[in-house]
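Read through the structure below, which is laid out as structure tokens, and then see the notes.
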Amino acid sequence: MNRLLLKLFDQLSGLPRGADEAELLELVARWRHGAEVAFIRRAIYQWLSDSAALDHLRTWARETSTHYVWPLFSTNSGYGIVINEFKDPRQMTSGYANTTHNHRYSFASLVLSGGYKQVRSSVEITELGQPAHVYDIDRDDILEGRMLTIGHEEFHRIIDVQDRTMTLLVKCPAVKEASISVDVATRMASRHVPVEARVTQLMNALVMTEDAGIAEGKSDARLA
């Protein structure tokens, strides 16, 4: 059964950099080749049970306000596969997934279980921190077994998430430094830089904080 996942890993590794979300969707559709979603879930379970992938999962997993992100595989060229496990709807808090947002990368997704409603929108932003113009253009029921794509320039939001919703998400390499979200209530636009890209900001903040402490007459630990 693990051959199924290994085949997907191999196919993704062979994809040249520059592929878009339509090519990812075609790759996932060929890989799935009519396999039942339950069979795919069992294959993932077996992969995690039989390999060192579980340690990798524990190390690199992260939590958002709406779901858990479980990384399964990444290629040297920047493509990646993750499982998005959505929280119990009663435990979700307001966050990125339920704002109107885009991504730094394009992706194709297969719903492994559950489902949700997706609202695609057209967004006009004049200035960050100012109200944006948001026009909803489409609303879809995304249910178990459905495959879909989102391009990095597209805006969408996720609502009405069902219990036990999981998706298998195949990502292109990031093509932007940051993504944008728009708060549904206030229409305020915000820019989001991933934490791993903020090392320089951290270093600057450490220096600026230290310099501010010295200016206020506090002792300089470097001179103690």
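Worth pointing out:
- Note on region 2-192: dipole from Cβ charges, positive end direction compared against Thr75, Leu148, Ser106; the farthest Cα belongs to Thr75.
- Couplings 3J(HN,Hα) of region 17-30, computed from phi: 4, x, 5, 10, 5, 5, 5, 5, 4, 4, 4, 5, 5, 5 Hz, in residue order, whole Hz [Karplus 6.51 cos²θ - 1.76 cosθ + 1.60, θ = phi - 60°; x for Gly and Pro].
- Footprinting exposure proxy ranking of Glu196, Glu144, fewest other C-beta atoms within 10 angstrom first, gives Glu196, Glu144.
- With Cα atoms, 0 to 90° folded angle of helix 2-13 axis to the chain main axis: 60
- For region 175-186, 3J(HN,Hα) per residue [Karplus equation, 6.51 cos²θ - 1.76 cosθ + 1.60, θ = phi - 60°, Hz, x = Gly/Pro]: 10, 10, 6, 9, 10, 10, 10, 10, 4, 5, 6, 8
- Cα-Cα pairs of the chain separated by more than 30 Å (percent): 32
- Adding -39500 (n - 2.57) for every DSSP H run of four residues or longer, then dividing by how many residues the chain holds, sets the calculated 222 nm ellipticity at -9000 deg cm²/dmol.
- Note on Lys171: aspartates and glutamates with a C-alpha under 20 Å away, same-chain residues under 8 apart excluded, are Asp10, Asp20, Glu21, Glu23, Glu26, Glu63, Glu85, Glu144, Glu153, Glu154, Glu196.
- Dipole magnitude of the chain, debye to nearest 20 (Cβ charges: Lys/Arg +1, Asp/Glu -1, about Cα centre): 520
- Degrees, to the nearest 10: 199-215 long Cα axis against longest axis of the chain: 20
- For the chain, the relative contact order comes to 22 percent (Cα pairs under 8 Å, sequence separation of at least 6).
- Whole-number D in µm²/s for region 59-122 (Stokes-Einstein; Kirkwood sum over Cα pairs; 20 °C, 1.002 mPa s): 158
- Residues whose amide H comes within less than 5 Å of that of Glu144, counting only those at least five positions distant or on another chain, are Gly114 (H built at 1.01 Å from N in the peptide plane).
- Near the amide H of Tyr68, within less than 5 Å, lie the amide hydrogens of Glu85, Phe86, Lys87, all on another chain or at least 5 residues away, with H placed in the peptide plane.
- Most fluctuating residue given options Thr93, Thr59, Thr200, as computed from a GNM of the chain linking Cα atoms under 10 Å: Thr200
- ³J(HN,Hα) computed for each position of region 35-42 - Karplus, 6.51 cos²θ - 1.76 cosθ + 1.60, integer Hz, glycine/proline x: 5, 5, 4, 4, 5, 5, 4, 5
All of the numbers you see were taken from the coordinates with simple rules; none came from a lab. Every value quoted in this text rests on a predicted model; they were computed, and no experiment measured them. Glycine gets a Cβ as well: all are built from the backbone with ideal geometry, and neighbour counts include every protein chain shown.
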